[in-house]
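Taken together, the values in this text are just the output of simple stated rules run on the coordinates, not laboratory data. Remember, it's a predicted structure, so these values are computed and weren't measured experimentally. Cβ placement follows ideal geometry from the backbone for every residue including glycine, while neighbour counts extend to all protein chains displayed.
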């Protein structure tokens, strides 16, 4: 693959495919890798996307489908026939086929499996039994394994017989006669070792294989912490059933990051989703926010009399609420990041809580002096200026509680703390902001 | 590395290192990989972190320092002597040494370089000339290169002479006598090829090497799009100067995702930063928000008379503002994600804009009916209920403009659109929310 050249192609195709002839586009697609074509599809509105996909060769469709996000993948798959799909996935790796087939309606999936060879079908049916977000969902069965009593010379001639090794083969695995995992040897070690040496003598046995049920983000962490290219996967009985490679792990890392970012804002859709689907994905958190906004409004309603007497209260109250919201989102983000990276636990959460409290007091003092000064200069009302300063300190301190407790509680009740956490957190700071400011005003001004 | 065992260690050390004896902790650290130790340090408050670091062997310190975030790295480096640091980095890869040295005060850096061998110093000085966030900042010089007229047999005996190959060596590079890059061969291909074949005949020449000045996120994209393990890097003259490996690219991907998430909330600090530093990192966007909150307040101030006459306006106005803020953040997030993934460009931005408009109208109708109904049921004021519904539609439509234009403008003026974008965007929706609701009320109710 010629990266520079195909990158240019990619730009051209995304920017102006409407101005190109069908043949020009087809030629360009031929020069692009599957992930690049997938990127072009994800960067295209639905209509153009369908056109581009229809120009692909059947044997390329499978690889491209695998690289796509779930939503776009399902859209495109629903437009092609069972025969074409079976043809398209024929040459793919197990985890990739499974990734595509598992989203199909049961009947379609069975129809496609029925048209495959016995060996392929059994392999895929095994793959389909693993949950998508576990090591099992990422594994390929294209492992090369040798016996501990083989010599390096025997290993090399065995590898020569294989011809091309599977992609990203940095190591081969050592198993016993029952296919139980014993150890591994790097390809680079095979090439540099004395051919007479026996596998047992140089195999690495200190690396633990991945359990098939391990969660995919745990797999990603193990790859990162140990700089792995590939890792063996074993079943409950210690038998080698496949391997996971770094390219699939990189996809897991990207998707996790993507979900964190989107989750915070309460969206879950691809960039060029059609309007109806996008509206549906967002309306839930908008509705939640509507409820919480009415909760905040009914807090204000308690202080109708105060607002009736001093109109400046209405003018100033959103300031206290909004500052608390920003501070709470900052704390929330730090906690979410710490939870995602598994940095936060029972022993350091107290330290974190005290630190956040100290931060809110430090920034609270600076900002409340500022807010008081600006208010006094603007409206020339000393008591009001002092009250808003105090209310701000109260709200910034409560923002710490919200920013730390909300994600921890969400996680405790098995909800993703990244999703919608900010709507809940800002409700708390809105309510406490209005309560503290209007409450103080009622006590000292009315 | 025994991942399961050291993962347990990691948990124990993070959860309860205060209850363990120094010797117990030291034993555990000995069983952990550098990234795992780094994770333990990043999960520890400053005091405990310094203790853990002080227990490391000098030869491990370098690898651990490299794995740490910049801030923690600098803290720890400032506590160790020049001699210890020089010793710690001695065995490291070029990109790793450079990563640590480039953050040192000039005098310290020169002192350490002066104590190195001539060869090491020159190599590191070259590394230091590349900006941190380019291919040059990621490259290692541990490349293995051969000539096109070598036979595979010669290549294999050359590799055997080398003994252990550098980590993540999946391919070696082919260069001419001037060290200009010509092509590459996979290690797995060397092992499976006929030893009599000449390198020229089987080398891959269609892969473009990375330019040393390429930005690091472009490097990550190329690795992802082509499922690479390693890639050659060339200078302006086409000479091979090093290679980049996937483990460093994974770090780039993680850091980019981290910055996107943190940037949205206007924080930039590690999870366990001391209070003073954390407060400083957050006060800027809090202050920005203070300014924008006063802008919103002065918008409200325009409608003092209306608020004076109808107190319910004050009760309801935050609802319109808050709904617009959530909708704008949703649009902003989709645009930011699209920009980060390079999915958005001049030709599809129009489609995206129309889609967002359609979404805001669809959700606007649903939500404004809801908001109107709730208001009418709650306060029994028909006109007010109709007005807030209309104001909400106006604000949701304007949230689309803000959510799309703000990040595009920020990027146009070379600012990171992820940082602080949400503060600006919610200011727009606050102001327009107050303007539309209070404005409509002034026209129809006063």
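Using only the alpha carbons of the stretch A:145-245, what is the convex hull's orientation-averaged projected area in square nanometres?
Over all viewing directions, the stretch A:145-245 projects a mean Cα-hull area of 6.4 nm².
Please say if the stretch B:267-312 is rounded, prolate or oblate, where rounded means a/c under 1.5 for a ≥ b ≥ c the square roots of the C-alpha gyration tensor eigenvalues, and otherwise the choice is prolate for a/b larger than b/c and oblate otherwise?
Prolate, since a/c reaches 1.5 and a/b exceeds b/c.
Quick check: Cα centre of the stretch A:264-281 to Cα centre of the stretch A:192-217, how many Å?
Measuring centre to centre over Cα atoms gives 44 Å.
If I fit a long axis through the Cα atoms of helix B:216-226 and take the longest principal axis of the Cα atoms of chain B, what angle between them do I get, 0 to 90°, rounded to 10?
Taking Cα atoms only, the helix is inclined about 80 degrees.
On alpha carbon coordinates alone, what is the Rg over Rh value for the stretch B:57-186, Rh being the Kirkwood radius?
Answer for the stretch B:57-186: 1.04.
When each copy gets a label point 7 Å from Cα toward the beta-carbon at residue B:59, what are the spacings between them in nm, shortest first?
The projected label point of residue B:59 is separated from its counterparts by 5.1 nm.
Given points 7 Å out from each Cα along the Cα-Cβ axis, report the residue B:121 to residue B:204 separation in nanometres with one decimal.
For residue B:121 paired with residue B:204, the spin-label model returns 4.0 nm.
Grab the beta carbon distance between residue A:102 and residue A:380, set R0 = 60 Å, and tell me the FRET efficiency rounded to 0.05.
0.35
With n ≥ 4 as the cut-off for DSSP H runs, can you work out [θ] at 222 nm for chain A, using -39500 (n - 2.57) per run divided by the number of residues, rounded to the nearest 500?
-22000 deg cm²/dmol
What is the diffusion coefficient of the protein assembly as shown in µm²/s, taking the Kirkwood radius over Cα pairs and the Stokes-Einstein relation at 20 °C with a viscosity of 1.002 mPa s?
71
Quick one: helix A:275-302 against the long Cα principal axis of chain A, what's the angle to the nearest 10°, folded into 0 to 90?
Roughly 30 degrees between the two axes.
Under 4 °C and 1.567 mPa s, how fast does the stretch A:336-446 diffuse according to Stokes-Einstein, given a Kirkwood radius computed over C-alpha pairs? Answer in µm²/s, whole number.
Rounded to a whole number, D works out at 84 µm²/s.
Taking just the C-alpha trace of the stretch A:252-336, give me its Rg and Dmax in Å.
Rg then Dmax for the stretch A:252-336, in Å: 17.8, 57.
Taking every residue in A:336-345, how many Cβ atoms of other protein chains lie within 10 Å of its Cβ, on average?
Averaged over the peptide's residues, the number is 5.
Treating the point 7 Å from Cα along Cα-beta-carbon as the label, what are the nm separations from residue B:305 to the other copies, to one decimal?
Distances to the matching label points in the other copies: 2.9 nm.
Which value in nm describes the separation of the simple spin-label points at residue A:280 and residue A:84, placed 7 Å from the Cα toward the beta carbon?
2.3
So, R0 is 22 Å and r is the distance between the beta-carbons of residue B:366 and residue A:70; what FRET efficiency does that work out to, to 0.05?
Efficiency, rounded to the nearest 0.05: 0.30.
Given the peptides B:405-412, B:388-395, arrange them by the average over their residues of other C-beta atoms within 10 Å, most packed first.
The densest-packed peptide leads the list: B:388-395, B:405-412.
What whole-number distance in Å separates the alpha-carbon centres of the stretch A:122-186 and the stretch B:290-358?
54
Measure off 7 Å from each Cα along the Cα-to-Cβ vector at residue B:153 and residue B:194, then give the distance between these two points in nanometres to one decimal.
1.3
Which distances in nm, rounded to one decimal and ordered from shortest, link the label point of residue A:382 to the equivalent label points in the other identical copies, with labels set 7 Å from Cα toward Cβ?
Those label-point separations list as 5.1 nm.
Per residue of B:291-302, how many C-beta atoms from partner chains lie within 10 Å of its own C-beta, taken as a mean?
Across B:291-302, the average partner-chain Cβ count within 10 Å equals 5.
Please state the relative contact order of chain A as a whole percent: Cα pairs under 8 Å, 6+ residues apart?
About 12 percent, as a whole number.
Per residue, what volume in Å³ does the convex hull of the Cα atoms of the stretch A:90-157 enclose?
For the stretch A:90-157, the hull spanned by Cα atoms encloses 116 Å³ per residue.
Expected output is a single nm value to one decimal: the length gained when fully extending between residue B:27 and residue B:444, i.e. 0.36 nm times separation in residues minus the C-alpha distance. What is it?
In short, 142.5 nm is gained.
Over the Cα atoms of chain A, what is the Rg over Rh ratio if Rh follows Kirkwood?
1.11
What does the highest-first list of B:125-132, A:360-367 look like by mean Cβ count within 10 Å?
Result, highest mean first: A:360-367, B:125-132.
If the viscosity is 1.002 mPa s and the temperature 20 °C, what Stokes-Einstein diffusion coefficient in µm²/s follows for the stretch B:8-133 when Rh is the Kirkwood radius over Cα pairs?
Once the numbers are plugged in, D ends up at 142 µm²/s.
Considering every residue in B:350-362, what mean count of other chain Cβ atoms within 10 Å of its Cβ is obtained?
Partner Cβ neighbours, averaged per residue: 4.
Could you pull the Rg and Dmax for the stretch B:265-391, using just the Cα atoms, both in Å?
19.5, 54
Output needed: percent of Cα pairs per 10 Å distance bin for the stretch A:321-386, bins running from 0 to the one holding the longest distance.
19, 37, 24, 13, 7
Semi-axes of the stretch A:178-231's equivalent ellipsoid from the Cα gyration tensor, sqrt of 5 times each eigenvalue, largest first, rounded to whole Å?
For the stretch A:178-231, the ellipsoid semi-axes come out as 26, 14, 7 Å.
For the stretch B:404-446 and the stretch A:37-114, what is the centre-to-centre distance using only Cα atoms, to the nearest Å?
40
Compute the angle between helix A:346-379 and the longest alpha-carbon principal axis of chain A, please, reported from 0 to 90 degrees and rounded to the nearest 10.
For helix A:346-379, the angle is close to 40 degrees.
To one decimal place, what Kirkwood hydrodynamic radius in Å is obtained for the stretch B:183-317 from all pairs of distinct Cα atoms?
20.7
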